[in-house]
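What follows is a single structure, written as structure tokens, with notes after it.
The values are calculated or read from the model by the stated rules, or taken from the named source; none is laboratory data. The model shown is predicted, which means the values in this text are computed figures rather than measured ones. A quick note on method: Cβ atoms are made from the backbone with ideal geometry, for glycine too, and the neighbour counts reach across all protein chains shown.
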Amino acid sequence: MALNKDEKAKGIRQYHIQLSPGDVGDYVLLPGEPDRANVIAEYLENPKLVAEHREHRTFTGFYNETRVWR
């Protein structure tokens, strides 16, 4: 019997990025270099550092009234 990973992980904080459902918006920007996340966050309205774990740094905020993250 195959394990359905989508169902098992649904609603659970993801270890590798330290985020849970609802922590960020529907749109995502993925800079290759973690330090670029800081630069991108400067362009967001009300930027907020949501999580930082290993090489992953996650911000959320708004751009043109749309919630985004990186």
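Do we have ASP26 as under 10 Å from the mean Cα position of the chain (by Cα) and among the charged types (D, E, K, R) here? Break it down into steps so the answer makes sense when it comes.
Numbers: under 10 Å from the mean Cα position of the chain (by Cα): yes; among the charged types (D, E, K, R): yes.
Yes: the conditions hold for ASP26.
Could you go through the stretch 55-63 and let me know if any residue there is in contact with a strand residue (DSSP E or B) (Cβ under 9 Å, 6 or more places away or on another chain), more than 25 Å from GLY11 (Cα to Cα) and among the charged types (D, E, K, R). Even if it seems obvious, please write down each step before you answer.
Just the residues of the stretch 55-63 that are in contact with a strand residue (DSSP E or B) (Cβ under 9 Å, 6 or more places away or on another chain), to begin with: 56-63.
Then keep just the ones that are more than 25 Å from GLY11 (Cα to Cα); that gives 63.
Checking the rest, the ones that are also among the charged types (D, E, K, R) come to none.
No.
Of all residues in the stretch 16-33, which are touching a residue at least 12 places away in the same chain (Cβ under 8 Å), surrounded by fewer than 13 Cβ atoms within 10 Å (Cβ to Cβ) and in a loop (DSSP other than H, G, I, E, B)?
Step one: filter the stretch 16-33 for residues touching a residue at least 12 places away in the same chain (Cβ under 8 Å), giving 16-19, 23-31.
Subset that is surrounded by fewer than 13 Cβ atoms within 10 Å (Cβ to Cβ): 16, 26-28, 30.
Within the stretch 16-33, HIS16, ASP26, LEU30 qualify.
Which one of the conditions (1) at pLDDT below 85; (2) within 16 Å of TRP69 (Cβ to Cβ); (3) exposed (fewer than 13 other Cβ atoms within 10 Å of the Cβ) does GLU42 fail to meet, given that it meets all the rest?
Every condition holds for GLU42 apart from (1).
Which of the residues spanning the stretch 49-61 are surrounded by 14 or more Cβ atoms within 10 Å (Cβ to Cβ) and either out of contact with any helix residue (DSSP H, G or I) (no Cβ under 7 Å at 6 or more places or on another chain) or modelled with pLDDT under 85 (or both)?
If we filter the stretch 49-61 for residues that are surrounded by 14 or more Cβ atoms within 10 Å (Cβ to Cβ), which is where we start, we get 50-52, 56-61.
VAL50, ALA51, GLU52, HIS56, THR58, THR60 - these are the residues of the stretch 49-61 that are surrounded by 14 or more Cβ atoms within 10 Å (Cβ to Cβ) and either out of contact with any helix residue (DSSP H, G or I) (no Cβ under 7 Å at 6 or more places or on another chain) or modelled with pLDDT under 85 (or both).
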